[in-house]
1. In region A:147-181, which residues are acidic (Asp, Glu), surrounded by fewer than 23 Cβ atoms within 10 Å (Cβ to Cβ) and at pLDDT 95 or above?
2. Filter region A:591-613 for residues that are touching a residue at least 40 places away in the same chain (Cβ under 8 Å) and within 11 Å of chain B (Cβ to nearest Cβ) and give the result.
3. When only residues in region A:218-240 that are under 21 Å from A:Trp548 (Cα atoms) and in contact (Cβ under 8 Å) with a residue 40 or more places away in the chain count, which is surrounded by the most Cβ atoms within 10 Å (Cβ to Cβ)?
4. Which numbered condition in (1) under 31 Å from the mean Cα position of the chain (by Cα); (2) buried (at least 16 other Cβ atoms within 10 Å of the Cβ) is the only one that A:Ala59 fails?
5. Condition first: under 11 Å from the mean Cα position of the chain (by Cα), within 8 Å of another protein chain (Cβ to nearest Cβ), under 19 Å from A:Leu423 (Cα atoms) and buried (at least 20 other Cβ atoms within 10 Å of the Cβ). Now tell me which residues in region B:31-75 satisfy that.
6. Given the condition charged (D, E, K, R), more than 8 Å from chain A (Cβ to nearest Cβ) and either within 26 Å of A:Asp594 (Cβ to Cβ) or not in a helix (DSSP H, G or I) (or both), answer yes or no: does some residue in region B:15-25 qualify?
7. Test A:Ala622 against the criterion of being within 14 Å of chain B (Cβ to nearest Cβ) and part of a helix (DSSP H, G or I), and give yes or no.
Amino acid sequence: MCGIAGFTVGEGGSADAGRSERLRRMTAALRHRGPDAQRAVLLDGVALGHARLAILDPAGGVQPMTDPGTGVTLVFNGEVFNHPELRGRLSGHRFRTRSDTEVILAAYLARGIDCVRELNGQFAFALWDPRTRELWLARDRVGIAPLCYAIGDGVLAFASEAKALFAGGFARPALDAAAVKQSLQLWAPVAPRTLFEGIRALPPRSVARWAGGRLEVRRYWDLDLGAEPSPVEAERAVEEVGALLEDAVRIRLRADVPVAAYLSGGLDSSLVCAMAQRALGGALSTYSVRFSDRAWDERAFQDGVAAALRTRHVPAELAAREIGELLPAVVRHAEQVLVRSAPAPLLRLSAAVRRDGTRVVLTGEGADEIFLGYDLYKETRVRQLWSRDPRAAWRAAPLAGLHRAQRALARGELVREFYAAGLDRPDAVEFSHLVRWGASGRIARFLSADFAARTEGEDPVASLVASLPPAVRRWRPLARAQYLEFETLLSGYLLSAQGDRMLMANGVEGRFPFLDHRLIEHVARLPDRLKLRRLREKWVLREVAARWLPPCDAARPKFPYRAPIAAALVGPAAPAWSAEVFAPESVRALGVFDPDKVLRLVRKVEASPAGASEADASALVAIATTHLLGRAFREPTPVAAPHLAAVELVA
Amino acid sequence: MAEDARVRERIRTFIAEVFFVDRFDDEQSLLRTGLLDSMGMSQLVAFLEEEFALEVRDEELVPENLDSVSRATAFVTRKQGRPAA
């Protein structure tokens, strides 16, 4: 992966000093994404910058890349994993490099922008066609590679991260109030909204065409999870899923540098590691996060899998206190409001990976979304059954098993009430998420009266529902739930704030075999019973795993990845910045939260950090990260002079 | 009834302070409307036991006894041997 940035220039616009300075600043602001080279080019019509993390064809894949015959120029962030196959089909093009960048260029020249449908990969690119004076932006199918833009005064400016738009003076770092409110409840803003006023994200699976001062955005691929299931023998399904996943791993090992893997200790990453280890003939390195607080730690599972697979295993250990210290950097890179601290350890992990000399890792991200791994899907199945006869208590009985047992709910009747949200509307598209969003929506209690009044018209769930493609409403309940997970949790949070941003902060590229679109499409057509068998999650994947992993690892129940919160933000081990962030005058100045409630919350958690509820801990993270985000870019983004000087302006 | 009103007020104050809610009505389902989560319900039960010196038995942990301010008030006054209003 790399970083890209640029802006349009009116016809005949010359390469004046002001423009080149802006372009250099934007490119330098993305240096963490591409520490190997930063190059920029000013053309008649567009300015394009590229910060390169060299993975493929280090000598030949230099960007911006121009086709000498047509002048079509590309800046590209990401990977096209099927580039050798595409190259074979583009026989009319005389290739000058071995890079996937040139494959995109050649595919565009041969077939136009619809060539994106042929790309199997993770990408965000900007392509300038001087023949038609069109600028095309494109983003991969699930939103692995980021891309945002701002439009003003007839100019389109774009970048991998918002900080480059600030550095170029194309946007101001003012928080978007509706996006803050959406993030608190949904964990991410509803695309195309971002946390900053005036900055939009190009949604996943979309291309955008800028011509004549107008931007048109359209989807080029449907995330069709509602396809009618095809009848299939269970045995055959296991074989096909195994073969597809193995191929998805195989093509993700294509690189001119070593490819390693993250090993969480769970089923998904363990299986990816097993497949990669076999393909690499035993040369795989694996990396894991360890917590010194054993309540959160999974080292026993990680070490067990690493030993069984004989990988070269490198753990990175951290304490709760360090999570607090990392949070300002986490927010600066994520450019989001967070309600969990879980991205912080991943920022530390990518630093350890980079220090170890590795720049590409595979991860198990995406398996829970496509194979129905989350408890949310079980909850949806039970609630759907229950909704047919809300008086039949037995229908709701399995919900108690999904819930952490607590005394007040010992007998199950109270658990049932907790899960009864929206039971009278089982056909509502948001039905599956009403319990979760009811809980997360409680953070809104901490909003200041003024902010609450200003955002009264913003209902995050309604905004999300309004953004959904109409077809989703007609899908099966589990497919609807999956789509909502893809839209909010996966692309809005796991792949971005907790994924790309934490990896690329240290110049490490993540690759995600489970998000190969061939696998997504294939698994979507499998009957639900092969994924969620009664209340046993990821059935078909477990069967695949049983052929690759020792029995105990293949059968291990899901253990959600989480990180400590309360002790990382308040109390004796809290970081220096937290006292200022939670102080009433700071909270008042930010204008989002109620200073008295924040003070009471901090005191409550300080008095009993271990007794802090999940809602209290989420609120603490949200208050802290909103503040950190609000001030992270307040001053003009400082671009270090040597970094600015390192940007090569090419003619 | 004065005692009933006192119990009601204590429960309301507890919910408002511990769960940071400003507006809720006495008949509202605490769980269905997301006012409390399951851990919050545990905290409420612990509060009732301590504040009103009573013991809540497992079989009493049902929505009819606890899932609104009015129900919890009636439950406490009943446990204290006084009829609810």
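The values are calculated or read from the model by the stated rules, or taken from the named source; none is laboratory data. The structure displayed is predicted, hence computed values, not measured ones. All Cβ positions, even for glycine, are placed from backbone atoms using ideal geometry, and neighbour counts span all protein chains on display.
1. Hit for region A:147-181 is A:Asp176, nothing else.
2. The answer is A:Phe593, A:Asp594, A:Lys597, A:Val598, A:Leu601, A:Ala612.
3. A:Ala237
4. (2)
5. The one that is under 11 Å from the mean Cα position of the chain (by Cα), within 8 Å of another protein chain (Cβ to nearest Cβ), under 19 Å from A:Leu423 (Cα atoms) and buried (at least 20 other Cβ atoms within 10 Å of the Cβ): B:Asp67.
6. Yes: region B:15-25 contains one or more residues that are charged (D, E, K, R), more than 8 Å from chain A (Cβ to nearest Cβ) and either within 26 Å of A:Asp594 (Cβ to Cβ) or not in a helix (DSSP H, G or I) (or both).
7. Yes.
Residues checked against (1) under 22 Å from A:Gly213 (Cβ atoms); (2) modelled with pLDDT of 95 or more; (3) in contact with a His (Cβ under 6 Å, 6 or more places away or on another chain):
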residue: A:Ser14; (1), (2), (3): yes, no, no
residue: A:Glu21; (1), (2), (3): no, no, no
residue: A:Met26; (1), (2), (3): yes, yes, no
residue: A:Arg31; (1), (2), (3): no, yes, yes
residue: A:Gly34; (1), (2), (3): no, yes, no
residue: A:His50; (1), (2), (3): no, yes, no
residue: A:Asp57; (1), (2), (3): no, no, no
residue: A:Val62; (1), (2), (3): no, no, no
